[in-house]
Amino acid sequence: MPSIASKITPKLQAAAVLSKAVTRAAERLDVSKSLLAKVLGVSPPTISRLYSGSYLLVQGRKEWDFALLFVRVFRSLDSIVGDETTARQWLASDNRGLNAKPIELIRDTEGLVRVVQYLDASRALV
């Protein structure tokens, strides 16, 4: 008889990994569930289900793309500043290069992409 693990498809595994990664990144960056809902373009109840593990992000939907970008923000900050406290401070501080606080920018698609591009450019300098 096949095990449960053998029935898990690669697509389902990817969804589980990204769903967990986005919630962990939000926790580490101290991003509220309501803000994460805005970042991903989903409802607050969907975020609650995501945190509880009863909902997985779906490939092919915008939420998937936004989650990938959000995790990139976390990973970039982690590689640049190295600790969560400094990353949180960076997100909440005015940024001259972005002309805004990154935490405010990530609420919409254009701002999230700008923050990712800014961090990518900053990482290239390291």
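Bear in mind these aren't lab numbers, they're just calculated from the coordinates by the rules spelled out. What you see is a predicted model; the values in this text were computed from it and never measured. Counting neighbours? That spans all protein chains shown, and the Cβs are built from the backbone with ideal geometry, glycine included.
Can you bin region 57-126 into rounded, prolate or oblate? Criterion: square roots of the alpha carbon gyration tensor eigenvalues sorted a ≥ b ≥ c, rounded for a/c under 1.5, prolate for a/b above b/c, oblate for the rest. It is prolate, given that a/c is not under 1.5 and a/b is the larger ratio.
Near residue 52: Cβ cut-off under 13 Å, other residues only, Lys/Arg at +1 and Asp/Glu at -1. The net charge is +3.
Net charge within 9 Å of residue 74 by Cβ-Cβ distance, Lys/Arg positive one each and Asp/Glu negative one each, not counting residue 74 itself?
On the way: positive: 24, 28, 72, 75; negative: 78.
Value of the local net charge: +3.
Distant-in-sequence amide contacts of residue 100, defined by a placed amide H-H separation under 5 Å and a gap of 5 or more residues or a different chain, comprise 95. For the chain, the relative contact order is 23 percent, taking Cα pairs closer than 8 Å that sit 6 or more residues apart in sequence and dividing their mean separation by the residue count.
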